[in-house]
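Student: Take this structure, written in structure tokens, and hold onto it; I'll ask about it next.
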Amino acid sequence: MESLISLCKRRGFIFQGSEIYGGLAGTWDYGPLGVALKNNIKKIWWKRFVDDRDDMYGVDAALLMNPRTWEASGHVAGFADPLVEDIKTKRRFRADHLLEDAGVDVKGMTLADMDAKIKEKGLKSPDGNALGPVRQFNMMFKTNIGATEDGSSISYLRPETAQGMFVNFKNILDTFHPKLSFGMAQIGKAFRNEIAPRDFLFRAREFEQMEIEYFVNPKDWEKTFEHFRTEVLAFTQDIGLTQKKVHELEVAEADRAFYSKRTIDFEFDFPFGKKELYGLAYRTDYDLKQHSEFSKVDLSYFDEESKERFIPHCIEPSFGLDRTVLAVLVDAYQEDEMGAEEGSKEKEGGSVTEKRVFLKLAPSVAPYRVAVFPLLKNKPVLVEKAEDVYKMLKKVIPNVTFDDNGNIGKRYRRQDEIGTPYCVTVDFDTIEKGTGVTVRDRDNGKQERVMIEELIEYVMKNAHN
Ligand code: ATP
């Protein structure tokens, strides 16, 4: 993780939030390459779940919502994590995390169970002091709307994007008149006042989610659940995650949200353990019912065929975008030995190898698909030709970069580190003999000559991944 975090900073993927002020725990800022990677993931997600379907409605709801929303959803009363306080330093920790770190399986445990276990094991805070009782801590960020700061102006930064879809359910029904089954999809920020943000992007206080609320007749919930189970897995393939690192966990009833009749967690083998990447839940008619009750607006649906009126049930696939970025990065991070003859070091006699770091990103998510170089920076004829090739590619492939800094070996190492699958070099043969350019493969360093007319097809040959 340390090497990855430092690569992310060094190469402009991800920085600590507000770094010049010493940072702000649980916040991360994406630099140009991080944004490119994240946008590619969003595009792939939106394509699979919205653009390629006829039954999905995209929305982008406000982050600040009427506070009644969060009363209806249950967040005001119950969106809490178990907290323990170091009685001396007053630092707060997640009780379940301390227990897990001590090898305790916390699944299904109540607050009282955790309290008892902490005592039984004699657990201390990470600062070495005794711990207070385990309490519930609401994770929503409170804020005041408008100029007054009394109770009537309180609202919350949304802790999930889901509710922005439920409150727009009727708008979609009234404007598009969709027939069941149909879904709503949204990508956007969510905020949770996590007691202990940790593991880089994994547990942040501000993060992005990609969520779907898919509405069905209750008789169809099982087949829809199954459909999304396979779609979630297909998406993990789209973004190139190693399939054997993705696991499904059938969440037991005691560990499910109280409204959920079935939940699967999709877990990923992160360097810090097997942890939740995505969730898929059958939320029944809980949310629409609650919002109907609290808002006094009828959120039922009339089925023309059966002439029945009912509140649709909901299947929710929920994806953390930053956790996806992290999974993609840790999965792609590789170190190997490669011949130094590529130029970063002079070859002295026998073959010299050196350690290289590279990101084996799927071309579909890589910030750049191709980098174009002139072999030498100080030869205008090479630079001009390389610029022509760059422009030609750029017209068709938006994420192409041009690099003429340092020697060719350094450029390869730089592109390897940011995960660019192909490096195209214009050399003297390109101009004098018309034999095309060299294309170097990031993963094995092999080079092939490719005619310029065939270049686009060559670098896009595995465009799907
Ligand atoms: P966890 O148990 O890890 O706290 P959760 O079960 O509370 O997660 P959900 O409420 O189901 O998470 O949120 C849906 C998705 O949002 C998660 O699967 C995860 O990908 C992402 N997510 C949740 N909390 C965070 C966070 N603090 N930082 C980054 N991503 C998060």
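The values are calculated or read from the model by the stated rules, or taken from the named source; none is laboratory data. Values in this document were obtained by computation on a predicted structure and should not be read as measured data. No Cβ is skipped: glycine too gets one built from the backbone with ideal geometry, and neighbour counts run over all protein chains shown. With ligands, DNA and RNA removed, areas are computed over all heavy atoms of the protein, side chains included. Shrake-Rupley method; radii C 1.70, N 1.55, O 1.52, S 1.80 Å.
Student: Can you work out the Karplus-derived ³J(HN,Hα) for every residue in the range 276-281? Use 6.51 cos²θ - 1.76 cosθ + 1.60 with θ = phi - 60°, whole Hz, and x for glycine or proline.
Tutor: Running phi through 6.51 cos²θ - 1.76 cosθ + 1.60 with θ = phi - 60° gives 5, 9, 9, x, 9, 10 Hz.
Student: Another one. Using a Cα-Cα cut-off of under 18 Å, which lysines could be cross-linked to residue 296, ignoring same-chain neighbours fewer than 8 residues away?
Tutor: The reachable lysines, counting only those whose Cα sits under 18 Å from residue 296, are 170.
Student: Can you give me the relative contact order of the chain as a percent, contacts being Cα pairs under 8 Å and 6 or more apart? Don't jump to the answer; show the numbers that get you there.
Tutor: Numbers: 851 pairs, mean separation 59.2, N = 465.
The value is 13 percent.
Student: As a quick test, which of the pairs 42/107; 43/275; 9/410; 219/275 have an alpha carbon distance above 28 angstrom in this structure? Before the final figure, lay out the partial values.
Tutor: On the way: 42/107 32 Å; 43/275 24 Å; 9/410 18 Å; 219/275 32 Å.
In this structure, 42/107; 219/275 exceed 28 Å between Cα atoms.
Student: Continuing with this model, one more query. Within 10 Å, count the other beta carbons around each residue, average over each peptide in 114-125, 16-27, 415-426, and list them highest first.
Tutor: Values: 114-125: 15.4, 16-27: 12.8, 415-426: 24.1.
Going from most to least packed, we get 415-426, 114-125, 16-27.
Student: On C-alpha positions alone, give me the angle between the axis of helix 111-121 and the longest principal axis of the chain, in degrees, nearest 10.
Tutor: Around 70 degrees separate the two axes.
Student: From the residues 77, 37, 200, which one has its Cα farthest along the dipole of the chain in the positive direction, the dipole being from +1 and -1 charges on Cβ of Lys/Arg and Asp/Glu about the Cα centre?
Tutor: Ranked along the dipole, the leading option is 200.
Student: With Cβ to Cβ distances under 12 Å as the rule, what net charge do the other residues near residue 398 carry (K, R +1; D, E -1)? Walk me through the intermediate numbers first.
Tutor: Working: positive: 43, 369, 394, 395; negative: none.
With Lys, Arg at +1 and Asp, Glu at -1, the net is +4.
Student: Of all alpha-carbon pairs in the range 368-462, indicate the percentage at a distance above 24 angstrom. Can you show the working numbers first?
Tutor: Working: 412 of 4465 pairs.
Of all Cα-Cα pairs in the range 368-462, 9 percent lie more than 24 Å apart.
Student: OK, next. Under the √(5λ) rule applied to the eigenvalues of the Cα gyration tensor, what semi-axes describe the equivalent ellipsoid of the range 1-101? Give them in Å, descending.
Tutor: Values: eigenvalues 193, 147, 41 Å².
Those come to 31, 27, 14 Å.
Student: Run the dipole for the chain about the Cα centre, Lys and Arg Cβ at +1, Asp and Glu Cβ at -1, nothing else charged, and hand back the magnitude in debye, nearest 20.
Tutor: Result for the chain is approximately 860 debye, rounded to the nearest 20.
Student: At q = 0.17, 0.18, 0.19 Å⁻¹, what log₁₀ I(q)/I(0) does a Debye calculation on the Cα points of the range 89-210 give, no solvent, two decimals?
Tutor: -1.01, -1.05, -1.09
Student: Further question on the same structure: Going toward the positive end of the dipole of the chain, with +1 on Lys and Arg Cβ and -1 on Asp and Glu Cβ, which of 173, 365, 26 do you reach last?
Tutor: Checked the options; the winner is 26.
Student: Let me ask something else about it. What dipole magnitude, in Debye to the nearest 20, does the range 1-70 give about its Cα centre under +1 on Lys/Arg Cβ and -1 on Asp/Glu Cβ?
Tutor: Numbers: 10 positive and 8 negative charges, 33 e Å.
My answer is approximately 160 debye.
Student: Pairing the Cα long axis of helix 321-332 with the longest principal axis of the chain, what angle in degrees results, from 0 to 90 and rounded to the nearest 10?
Tutor: In the chain, helix 321-332 runs at an angle near 40 degrees to the longest axis.
Student: Tell me, what is the per residue accessible area of the chain in Å², probe radius 1.4 Å? Don't skip to the end; give the middle numbers.
Tutor: Working: 22040 Å² over 465 residues.
Heavy-atom accessible area per residue stands at 47 Å².
Student: How long are the semi-axes of the equivalent ellipsoid of the range 80-138, defined as square roots of 5 times the Cα gyration tensor eigenvalues? Whole Å, largest first.
Tutor: Working: eigenvalues 52, 35, 17 Å².
Values for the range 80-138, descending: 16, 13, 9 Å.
Student: While we're looking at this one, here's another question. For a quick protection proxy, order the peptides 223-232, 295-304, 200-209 by their average other-Cβ count within 10 Å, most packed first.
Tutor: In decreasing order of mean packing, 223-232, 295-304, 200-209 become 200-209, 223-232, 295-304.
Student: Looking at this model, which pairs from 117/142; 223/289; 223/261 are more than 24 angstrom apart at the alpha-carbon? Mind showing how you got there, number by number?
Tutor: Working: 117/142 32 Å; 223/289 22 Å; 223/261 14 Å.
Cα-Cα > 24 Å for 117/142; rest within.
Student: Roll a 1.4 angstrom probe over the protein heavy atoms and tell me the percent of accessible area of the range 368-462 that is carbon or sulfur. List each step's numbers first, then the result.
Tutor: Details: 2330 of 4500 Å².
On the range 368-462, the fraction of accessible area on carbon and sulfur atoms equals 52 percent.
Student: Taking 51 Å as R0, compute the FRET efficiency from the Cβ-Cβ separation of residue 461 and residue 222 and round it to 0.05. Intermediate values should be presented prior to the final figure.
Tutor: On the way: r = 40 Å, r/R0 = 0.77.
Efficiency, from the Cβ-Cβ distance: 0.80.
Student: Once amide H atoms are placed 1.01 Å from N in the peptide plane, what residues at a sequence separation of 5 or more from residue 436, or on another chain, have their amide H within under 5 Å of its amide H?
Tutor: Close amide H contacts, sequence-distant or interchain: 452.
Student: Can you tell me the dipole magnitude for the range 381-465 around its Cα centre, using point charges on the Cβ only (Lys, Arg +1; Asp, Glu -1), in Debye to the nearest 20?
Tutor: On the way: 14 positive and 16 negative charges, 47 e Å.
Computed charge dipole of the range 381-465: roughly 220 debye.
Student: By how many degrees, 0 to 90 and rounded to 10, does the Cα axis of helix 408-418 deviate from the longest principal axis of the chain?
Tutor: 10 degrees
Student: If you don't mind, another one. Projected onto the charge dipole of the range 59-157 (+1 at Lys/Arg Cβ, -1 at Asp/Glu Cβ, origin at the Cα centre), which of 140, 93, 63 gives the Cα projection farthest towards the positive end?
Tutor: Farthest towards the positive end: 93.
Student: So, one more: Have a look at the chain and give its Rg and Dmax from the Cα atoms, expressed in angstrom.
Tutor: Using the Cα atoms of the chain, the pair Rg, Dmax is 26.1, 84 Å.
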